[in-house]
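Read through the structure below, which is laid out as structure tokens, and then see the notes.
The values are calculated or read from the model by the stated rules, or taken from the named source; none is laboratory data. Source: prediction; values computed, not measured. Cβ placement follows ideal geometry from the backbone for every residue including glycine, while neighbour counts extend to all protein chains displayed.
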Amino acid sequence: MNQRFDVCIIGGGAAALAAAASLDRGICACIIEKNQILGRKILATGGGRCNLTNAGCPGVSATLDFFASYGLETICDSEGRYYPYSGCASDVVAVLRNAVQAQGCTVLTETAADRIQVLPQGGFRIFARSCPPRGKKARDPEPIEADRVLLAAGGKAAPGFGTVGDGYRLAKQLGHHVTRLFPILTGIECGDLRDLKGIRARGRVTLLEDGKPRAAESGEIQFTEDGLSGICVFNLTPEIRAKAGESPAEAMKRFSLSVDLAPDFTPGQIASRESTFGILNERLSARIGKDQIKDWRLPVRGIKGWDHAQCTAGGVSLDEIDLETMESRLVPGLYFAGEILDIQGPCGGYNLQNAWETGIRAAEAIGRRSGKR
Ligand SMILES: Cc1cc2nc3c(=O)[nH]c(=O)nc-3n(C[C@H](O)[C@H](O)[C@H](O)COP(=O)(O)OP(=O)(O)OC[C@H]3O[C@@H](n4cnc5c(N)ncnc54)[C@H](O)[C@@H]3O)c2cc1C
């Protein structure tokens with residue numbers, strides 16, 4: 001490919017697609033995506049329904065307007081979480097894919113960006129490798145040249161979707177700093193709970209650090225064989241981290257959980273009952289007595305790793321980026337968007353909101369710079 005692009009977008013996820021869709025049609029753009037299809041992770045979000053933003057996000061109306069401009073209606077649940085009206089994440093991907101196509105963007109799938117070279121005369125050369133599915137022959141593409149690069153290759157969470165941390169490596173190659181990375185929005189391991197596996201219960205989970213409450217969340221708790229899962233549990237994980245120089249095993253000793261499985265009942269009401277059965281299901285009540293139901297203590301043994309995490313904490317340092325334009329302060333013409341940045345939010349649409357918002361902001365700035373918007 002000898003064509004020189006105005007912009008090369010690395011990654012074909014949420015931030016990249018929102019950016020490509022927002023580029024003026026006069027801008028000659030290309031997307032490089034490792035997977036066979038664009039927006040693969042989006043398809044898995046919100047349990048396949050795509051919780052695309054939240055009423056609590058400052059940029060919520062811009063996101064709703066963005067999707068409405070492509071005819072995608074949304075619906076908000078009682079917790080402020082927005083989903084496509086159809087309840088299908090695939091519709092979110094479809095509108096973005098159509099918008100990218102309408103923009104005229106060249107899309108290279110099954111292609112991974114390996115190295116980015118800053119050219120002395122200005123612009124960038126991107127070296128990529130072909131990554132076809134097993135059985136298909138690999139043929140590496142020619143290096144791609146572009147005036148600008150938008151690095152939107154995501155984080156390290158859920159590597160099964162193509163996000164293994166390449167973006168951080170590419171950012172570092174270009175002189176950027178990456179803050180400490182760890183998996184968040186994932187289950188908490190609390191020991192052997194095999195007898196409770198598969199049970200769901202409503203409750204309030206308090207994270208204790210050295211015995212003192214650090215954070216608390218309410219909602220549906222899901223029991224797994226070695227711990228707890230569910231949105232309220234996921235949202236506690238950003239607080240469980242080792243201090244500098246502390247090993248993860250040492251750090252975990254400081255944390256424990258207190259689970260209230262009867263948040264709508266007072267201790268007096270519990271005391272007057274014969275048992276916990278009737279509030280808790282049979283299996284759970286066989287394990288949790290009246291003395292435990294409002295304050296069931298569980299040690300934190302660890303949190304589930306990258307494979308199960310929904311988001312990365314840490315990322316490309318924001319000190320090195322102009323957040324008005326998403327352009328690097330170190331390398332003119334280099335832009336960042338999405339989870340690759342040191343920005344992370346709780347479950348509920350905050351992380352996709354970050355991806356859409358930063359992607360659109362970068363695209364608008366690229367348009368202004370190219371005099372084409
Ligand atoms: C199971 C699951 C459910 C989730 N549910 C929600 C939800 O409902 N709401 C919410 O707000 N957030 C949710 N999240 C988080 C959200 O999906 C991410 O924060 C968001 O997708 C980040 O967008 P991004 O564009 O930065 O990265 P991604 O969407 O991860 O896209 C990055 C893309 O870059 C590609 N890539 C990586 N390296 C290279 C390379 N070297 N060359 C070319 N391409 C590359 C990857 O293949 C990937 O397609 C969920 C996450 C998971 C894993």
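Looking for whichever is modelled with pLDDT of 95 or more and in contact with a strand residue (DSSP E or B) (Cβ under 6 Å, 6 or more places away or on another chain) here; the options are GLY12, GLY48, GLY39. Which one fits?
Values: GLY48 fails: in contact with a strand residue (DSSP E or B) (Cβ under 6 Å, 6 or more places away or on another chain); GLY39 fails: in contact with a strand residue (DSSP E or B) (Cβ under 6 Å, 6 or more places away or on another chain).
Within the list GLY12, GLY48, GLY39, the selection yields GLY12.
Return a yes/no flag: does the range 233-254 have any residue that is at negative phi, surrounded by 14 or more Cβ atoms within 10 Å (Cβ to Cβ), without any contact (Cβ under 8 Å) to a residue 40 or more places away in the chain and of a type outside the set (A, V, I, L, M). The answer is no; no qualifying residue exists. Among residues of the range 118-131 that are over 14 Å from ASP6 (Cα atoms), those with a Cβ under 9 angstrom from a residue that is among the small types (Gly, Ala, Ser) and outside any loop (DSSP other than H, G, I, E, B), sequence gap 6+ or separate chain, pair up as PHE127/ALA113; ALA128/ALA112; ALA128/ALA113; ARG129/ALA112; ARG129/ALA113; SER130/ALA112; CYS131/ALA112. Checked against the criterion of being over 26 Å from PRO183 (Cα atoms) and either within 16 Å of the ligand (Cβ to nearest atom) or of a type in the set (A, V, I, L, M) (or both), the candidates ILE321, ILE303, ILE288 yield just one match: ILE288. Of all residues in the range 140-170, those being near the ligand (Cβ under 7 Å from one of its atoms) and of a type in the set (Asp, Glu) number 1.
Would you mention how many residues in the range 157-211 are closer than 26 Å to ILE42 by Cα, assigned to a helix (DSSP H, G or I) and among the aliphatic types (A, V, I, L, M)? Selection size over the range 157-211: 2. When the range 33-50 is filtered for residues that are assigned to a helix (DSSP H, G or I) and either hydrophobic (A, V, I, L, M, F, W, C) or within 6 Å of the ligand (Cβ to nearest atom) (or both), the ones remaining, listed by number, are ARG40, LYS41, ILE42, LEU43, ALA44, THR45, GLY46. So, in the range 1-32, how many residues would count as being assigned to a loop (DSSP other than H, G, I, E, B) and either more than 19 Å from CYS311 (Cα to Cα) or not assigned by TED's automatic domain parsing to the domain that holds ALA157 (or both)? Counting residues in the range 1-32 that are assigned to a loop (DSSP other than H, G, I, E, B) and either more than 19 Å from CYS311 (Cα to Cα) or not assigned by TED's automatic domain parsing to the domain that holds ALA157 (or both) gives 9. Take the conditions touching an Asp or Glu at 6+ places or on another chain (Cβ under 6 Å) and free of Cβ contacts under 8 Å to residues at least 40 places away in the same chain and apply them to ALA215. Does it pass? Spelling it out, ALA215 is indeed touching an Asp or Glu at 6+ places or on another chain (Cβ under 6 Å) and free of Cβ contacts under 8 Å to residues at least 40 places away in the same chain.
Among ILE116, ILE199, which is the only one that is at pLDDT 95 or above, in contact with a helix residue (DSSP H, G or I) (Cβ under 6 Å, 6 or more places away or on another chain), assigned by TED's automatic domain parsing to the domain that holds ILE293 and not acidic (Asp, Glu)? Step through it out loud before you land on a result.
Working: ILE116 fails: assigned by TED's automatic domain parsing to the domain that holds ILE293.
Answer to the selection: ILE199.
Cβ-Cβ distances below 6 Å connect the following pairs, each with a first residue in the range 37-48 that is within 20 Å of THR111 (Cα to Cα), a second residue that is among the small types (Gly, Ala, Ser) and within 6 Å of the ligand (Cβ to nearest atom), and a separation of six or more residues or different chains: LEU38/GLY12; LYS41/GLY13; ILE42/ALA14.
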